């Protein structure tokens, strides 16, 4: 496929990060979200990320401006039809994703691949909202997308070999490292990571140890670069809860039942680093 323009739906943390990766790799990007304020925040994220690269000497100011110029924004889903490849990166709400893919199926030419950045929802179920199930695939970027090189590629039941090959080629062009996963709840990373984080929250709730000591034990005892509770704060406790709930719904397995303490933090708006408080306090 001759992919020159990438359409990205959702300008949040993941969508803006993916947009930065694609624009920095030379692609034109159409970044879409439903409100101008979401778009503005997304562009601020991209600008911040690129400034960090300039500070580290990985990019010049001139190169940064060229990357910014490749990102075109819109609040109209119809504009995504101009793209050669589509990546959906909206929140982990199944009904929202189904609706978007149903609309994209009508708007985009029938040969266009529609990919989703979902971290836990079945690719087969998302594809079922379209009449091009062979051209629907999962592309799970890790957070933060401009830094993390892993790419989980997930086939739905009817994803074609041609679609998989095209996506794997695209992943190579942006410098990411692909791993293939079956269409199973949580795929690979979250299937393993979310239960660990959830169990750490249970340990905290049950008074096994403080948050600091739980994280210290896991960094020093399991050689992790970051403790599970600090990582949860970085990801966002609302995101952790959403993914864990999705895996629990999909599997029905009690081992994935979200910890009540995690729900309590989310209910009180303590979502981690982005709100200044989660399992730890942060200066904003």
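The values are calculated or read from the model by the stated rules, or taken from the named source; none is laboratory data. Everything quoted here is computed from the prediction, not taken from an experiment. Glycine also receives a Cβ, built like all others from the backbone with ideal geometry; neighbour counts cover every protein chain displayed.
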Open item on the list: Six or more apart or on different chains, Cβ atoms under 6 Å: show the pairs whose first residue is in the stretch 159-184 and under 15 Å from residue 6 (Cα atoms) and whose second is part of a loop (DSSP other than H, G, I, E, B).
Closed with: 166/1; 174/25
- [ ] Please go through the stretch 159-186 and pick out each residue that is more than 13 Å from residue 113 (Cβ to Cβ) and assigned to a loop (DSSP other than H, G, I, E, B).
- [x] 174, 175, 176, 182, 183, 184, 185, 186
- [ ] Examine the stretch 141-155 for a residue that is in contact (Cβ under 8 Å) with a residue 40 or more places away in the chain, in contact with a helix residue (DSSP H, G or I) (Cβ under 9 Å, 6 or more places away or on another chain) and not in a loop (DSSP other than H, G, I, E, B), and state whether such a residue exists.
- [x] yes
- [ ] Within the stretch 207-227, identify whether any single residue is surrounded by 21 or more Cβ atoms within 10 Å (Cβ to Cβ), assigned by TED's automatic domain parsing to the domain that holds residue 269, within 24 Å of the chain's Cα centre (by Cα) and under 16 Å from residue 190 (Cβ atoms), and answer yes or no.
- [x] no
Open item on the list: Need the failing condition index for residue 175 against (1) within 23 Å of residue 12 (Cα to Cα); (2) crowded, with 17+ Cβ neighbours inside 10 Å; (3) more than 15 Å from the chain's Cα centre (by Cα), just the number.
Closed with: (2)
TODO: Return yes or no: is residue 197 surrounded by fewer than 21 Cβ atoms within 10 Å (Cβ to Cβ) and either modelled with pLDDT of 95 or more or farther than 15 Å from residue 121 by Cβ (or both)?
DONE: no
